[in-house]
Amino acid sequence: MSRKKFILNFILWILAFFFGYTIKKEGENMSLTKIDNRMAVDKDGNNISKLLSENTKKLPWVSVTNFGAKSNEEQANFDSTQAFLDAITDARSKNSAILIPNGTFNISQQLKFEDAPVYGLGVDVSIIKFTVGLGTGVPSVIVGKAGKAYKGGLFHLSVKGVGTRQLGVKTANGDGIRIDEQIKLEYVKVEQFDAGIIFNAPGGHISLERVLSTNNYFGVYQTDDGGDYHIIDSALNGNTMAGFGLSGDLGMSSASFIRTHIGYQPYGIYQEVGATTNFLNDITFIDTRFELIGNGAIFTENLTSNSNHLRFESVGFNWEPSFKIASRDKGYAVKMGKSGGQNVYIAGMSGFKQGDLGSWYIDNNFGIWEMKLGTSEKIVVNSGYKNMFKCIPANNKNQMNDFIPSGSTSRTFTTFGYAGPTESVFPIITPTSSGGLSNFILTVTGVTSDPVEQTVTFTVNVLGGTPTSSLFFNCKI
């Protein structure tokens with residue numbers, strides 16, 4: 001070796017010793033490689049960073065195994081609680097993400113991940129297993145921290161409790177994941193708790209994407225109506241009471257359920273007894289499946305609560321006796337209190353089928369409904385039929401343009417649509433040219449007591465005089 005190469009290699013050794021490099025030697029030549037102490041490995045020493053998403057790779061992160069966590073597969077019945085708590089403290093001090101490798105990790109205390117994002121290696125691959133219930137209403141995991149929106153979240157892992165399956169009975173003595181701020185869960189499975197996931201963020205904006213919440217009493221339970229919830233490509237299935245539970249003191253506002261399954265259980269969406277005046281407000285269901293329901297797809301115990309601006313598109317539903325709680329009836333697939341606003345219901349291939357008493361029950365309707373009912377659906381409205389109609393002209397659009405001729409005070413015409421019994425509806429017809437007149441009044445006649453698809457006769461009367469020229473109007477919702 002030449003004197004020059006010897007001196008160069010000696011300098012490299014000194015740098016490696018003081019600054020944490022390793023020496024890579026090829027023949028007589030040497031080079032430096034930086035040691036990354038944050039590099040997480042699995043129990044066999046394999047680098048697993050490539051298994052994480054691109055977003056995860058960009059974050060500094062720590063593995064719970066670096067703090068002494070051991071899976072059941074490595075050491076049966078080992079309690080990894082302290083290792084998880086230490087990893088959380090370290091990650092939050094460094095603004096790092098937390099990695100949970102493959103395996104089942106036993107936990108016996110509450111984990112407050114808060115604003116630290118947590119990543120596993122997959123559902124039923126990385127499993128946090130709580131060995132005890134922490135108490136009624138006590139969450140096992142807390143994610144999100146007040147004032148730190150969009151920081152934190154759970155990804156690619158499972159969380160398990162100790163509950164057993166009994167229809168209509170809470171058995172876990174504790175809840176699963178409580179969400180306290182605007183964050184997202186993605187590719188997460190939650191099971192065997194009283195409430196699998198708790199929406200508790202005052203600011204709302206909670207997203208569940210590809211989440212399975214099953215074998216809980218409630219798949220999701222809401223304790224704060226922050227609104228703007230998005231549940232997409234998820235399954236709130238197979239719970240012992242309902243897929244989505246609402247406190248009797250809260251309603252749900254501004255939520256969307258898209259390509260989501262809410263079935264294999266007594267109720268799909270269920271509101272408990274309480275003093276609230278709200279149930280569902282500004283809720284959209286698109287390609288949502290209420291499959292194998294025992295007692296009701298959408299149900300409130302509070303007939304004084306309001307539901308407004310609902311939209312159902314291509315929903316699916318069917319009954320399944322094995323998921324029925326014997327002490328409760330299955331009178332209707334949908335049971336609501338008051339109904340207001342503008343609402344749309346378009347049945348899919350299998351709409352809300354009749355229970356023992358009907359398909360839908362609306363205690364008091366003061367809203368407008370556009371309804372495309374499925375086969376054998378029956379609506380029961382205790383009061384307030386008058387606005388439950390739809391204008392469907394020949395072009396099959398939800399709007400009708402017509403006119404009252406010059407010199408006339410009314411116009412009667414027939415269309416195909418939905419309507420309740422004979423009642424005056426005001427105001428519902430609006431002029432497109434006033435002609436000095438301010439409004440119209442519409443009377444619906446020739447229909448049966450239940451609003452079903454049929455031929456309907458409308459009479460439009462001019463209020464305030466006789467037009468001197470043809471007066472156009474719109475009938476729409």
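Values for this structure:
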item: Strands (runs of 3 or more DSSP E) enclosed by the stretch 194-242 - at least 1 residues per element that are over 11 Å from the mean Cα position of the chain (by Cα); result: 195-199, 207-214, 218-222
item: Count - residues of the stretch 111-156 that are closer than 24 Å to TYR229 by Cβ and part of a strand (DSSP E or B); result: 15
item: Residue check for GLU320: touching a Leu at 6+ places or on another chain (Cβ under 9 Å), under 23 Å from ASN365 (Cα atoms) and surrounded by fewer than 21 Cβ atoms within 10 Å (Cβ to Cβ); result: no
item: Evaluation of ILE128 against (1) of a type in the set (Val, Ile, Thr); (2) farther than 27 Å from SER247 by Cβ; (3) over 20 Å from the mean Cα position of the chain (by Cα) (one fails), failing number; result: (2)
item: Qualifying residue in the stretch 157-179 (condition: at pLDDT below 95, in contact with a strand residue (DSSP E or B) (Cβ under 9 Å, 6 or more places away or on another chain) and in a loop (DSSP other than H, G, I, E, B)); result: no
item: Set ALA16, ALA91: member being surrounded by 14 or more Cβ atoms within 10 Å (Cβ to Cβ), part of a helix (DSSP H, G or I), assigned by TED's automatic domain parsing to the domain that holds LYS145 and at pLDDT below 95; result: ALA91
item: Subset of the stretch 94-127 (residues that are closer than 14 Å to LYS70 by Cβ, surrounded by fewer than 22 Cβ atoms within 10 Å (Cβ to Cβ) and β-branched (Val, Ile, Thr)); result: THR104, ILE127
item: Where ASN281 falls short, out of the listed (1) touching a Phe, Trp or Tyr at 6+ places or on another chain (Cβ under 8 Å); (2) under 22 Å from HIS230 (Cβ atoms); result: (1)
item: Filter pass, GLY316 being at pLDDT below 95, within 24 Å of THR276 (Cβ to Cβ) and not charged (D, E, K, R); result: no
item: Residue list for the stretch 243-289, restricted to those being within 27 Å of GLN166 (Cα to Cα), of a type in the set (A, V, I, L, M, F, W, C) and under 14 Å from the mean Cα position of the chain (by Cα); result: PHE244, LEU246, MET252, PHE257, ILE262, ILE269
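The values are calculated or read from the model by the stated rules, or taken from the named source; none is laboratory data. All of these numbers come straight from a predicted model, not from anything done at the bench. Here the Cβ is made from the backbone with ideal geometry for all residues, glycine too, and neighbour counts use every protein chain on show.
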